[in-house]
Each structure stands twice: as C-alpha cells, then as structure tokens.
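Since every read-out is calculated from the coordinates, none of them should be taken as a lab result. Computed from a predicted structure; not experimentally measured. Glycine gets a Cβ as well: all are built from the backbone with ideal geometry, and neighbour counts include every protein chain shown.
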Amino acid sequence: MSTLFNRIINRETPAYIIYEDDKVIAFLDIGQNTKGHTLVVPKVITESVLTADEDTIAYVNIIAQRLALKLSDVLKASGVNILTNANPVSGQTVPHYHVHVIPRYTEDELKFLVSSNSDTIEETFTFLKDHLG
Ligand code: AMP
C-alpha cells in the first residue's frame, strides 16, 4: 500500500526532512502543534505500532529520543511529548506507523483532552486480572 509517508520517503511528495538514515525518515509535521513538531517514520510500511515488528518500534523510538534531545536543545524547549496513534479511533489519520515528537514550551497552549468512562477503576482492574492471563 502506498501511503502519504511512503511518497515522502520516495521524494514524490515534498516535506521538511530533518533526519534520514537507511531505516527511518523524520520530517516536520505540517500541523506544527508546537514549534519543531516532528514525525519519525519507518521506511518499512506497516500500519501502526500495533502491526510493527519490535525492532522497528525500538529503532523508531530510539531516533525519536535522539531528535527530542536535539530539538529541545536547539529550540530551547522545556519538555517533550513522544506519542503514537493507532487506528482512526485514536486519531490516526495516516495509516503508516509514525511517532510524534512534540517539543513543549512553558508558554505553549497545546492541550490533550481527557475524558472519563463509566466503569470504576476497581471494575476495570478485576476484569483485567481475570482476562489478561
Ligand atoms: P496521525 O494523526 O497520528 O496519523 O498523524 C498524522 C500527521 O501527519 C498529522 O499530525 C498531520 O498534520 C501530518 N501530516 C499530514 N500531511 C503531511 C505532510 N504532507 N507533511 C507533513 N506532515 C503531514
């Protein structure tokens, strides 16, 4: 399957590429939730963290950490969110595994919305103890 990110990897779609090696590419997210918001994308095509092999997940996250450190340093960020979405219900819009590196600044206005569910934590814990094996 050809994805938008595969087209960026193949230079068929332009992107602001800030890092590349034989296994991953990293480029600025067009949405720039904060200054320096970057996506780390494996060159192997796999839909999400739920389908990726462990070596790919490990390498993508190693590069995400390295870039987070460098971006924080040069952009003077105070922290970072490193996250991935899996499947549309989570907010995934591009079906090609990627990790967001989002530098955080004292004065930025990025908010992650929280919601609750109707089960108590005790009910959830009891269910999981019975089913996780
Ligand atoms: P997700 O919603 O987790 O699947 O993330 C996909 C991200 O890709 C979004 O944050 C988009 O802003 C970003 N995006 C979409 N098109 C492009 C593009 N052409 N170049 C860079 N980032 C993009």
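A straight Cα-to-Cα reach below 28 Å connects LYS43 with the lysines LYS23, LYS35, LYS70, residues fewer than 8 places away in its own chain not being considered. Taking 1.306 mPa s as the viscosity and 10 °C as the temperature, the Stokes-Einstein diffusion coefficient of the stretch 51-133 based on its alpha-carbon Kirkwood radius rounds to 101 µm²/s. From the Kirkwood radius over Cα pairs of the stretch 4-107, Stokes-Einstein at 20 °C and 1.002 mPa s returns a whole-number translational diffusion coefficient of 156 µm²/s. Sites listed here are GluC sites (Glu not before Pro) in the stretch 73-133 whose DSSP assignment is loop and whose Cβ has at most 13 other Cβ atoms within 10 Å: GLU107, GLU109.
Exposed loop chymotrypsin sites (Phe, Trp or Tyr not before Pro) only (DSSP loop, at most 12 other Cβ atoms within 10 Å): please give the longest stretch of the chain free of them, not including the sites. Value returned for the longest uninterrupted segment is 17-111. Taking the 0 to 90 degree range and rounding to the nearest ten, how far is the long axis of helix 121-131 tilted relative to the main principal axis of the chain, both from C-alpha atoms? For 121-131 against the chain, the angle is about 90 degrees. GNM remark for the chain: springs join alpha carbons under 10 Å apart, and the peak mean-square fluctuation among VAL80, VAL24, VAL89 falls on VAL89. Taking the chain as a Gaussian network of alpha-carbon nodes connected by springs under 10 Å, the highest mean-square fluctuation of the residues PRO14, PRO95, PRO42 belongs to PRO14.
Close amide H pairs (under 5 Å, H built 1.01 Å from N) link VAL80 with ARG104, residues at least 5 positions away or on another chain.
Using only Cα atoms, find the angle between the long axis of helix 54-75 and the longest principal axis of the chain, and express it within 0 to 90 degrees, rounded to the nearest 10. Taking Cα atoms only, the helix is inclined about 60 degrees.
In this structure, the amide hydrogen of ILE18, modeled 1.01 Å from its nitrogen in the peptide plane, lies closer than 5 angstrom to those of ALA26, PHE27, LEU28, counting only residues at least 5 positions away or on a different chain. Among the trypsin sites (Lys or Arg not before Pro) found in the stretch 53-133, those both in a DSSP coil and sparsely packed, with 12 or fewer other Cβ atoms within 10 Å of their Cβ, are LYS76, LYS111.
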